[in-house]
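Heads up: the structure comes next, in structure tokens.
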Amino acid sequence: MSNRYNGTVKWFNNDKGFGFIQLEDNSKDIFVHHTEINNRGYGKSSLTDGQKVAFNIGVNQKGEHATSVETR
């Protein structure tokens, strides 16, 4: 199982569907895309600035990004 991290949504643009999460220890910001937000409802998932979240960190050709994001 992957490590879970806690953080706070630094900002999220609902129109563009992405933003950044600041790690709980303030060490860095992690990119988040709306497709990685676990949403129980329908439609495009979104986050709110200042919202607390738990997530995994994945790596692709563009660098680190949040995966399996859940609100706390």
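Bear in mind these aren't lab numbers, they're just calculated from the coordinates by the rules spelled out. All values derive from a computational prediction rather than experimental measurement. Every residue, glycine among them, receives a Cβ derived from its backbone with ideal geometry; neighbour counts consider all protein chains shown.
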Which of the residues spanning the stretch 11-21 are of a type outside the set (Phe, Trp, Tyr) and either in contact with a Pro (Cβ under 6 Å, 6 or more places away or on another chain) or crowded, with 17+ Cβ neighbours inside 10 Å (or both)? 19, 21
Search result, residues across the stretch 3-19 that are over 15 Å from residue 46 (Cβ atoms) and not in a strand (DSSP E or B): 3, 4
Kindly provide the set of residues from the stretch 49-64 that are under 15 Å from residue 36 (Cα atoms), surrounded by 13 or more Cβ atoms within 10 Å (Cβ to Cβ) and among the polar types (S, T, N, Q), ordered by number. 56
Quick one: which of 35, 8 is free of Cβ contacts under 8 Å to residues at least 40 places away in the same chain and of a type outside the set (Phe, Trp, Tyr)? 35
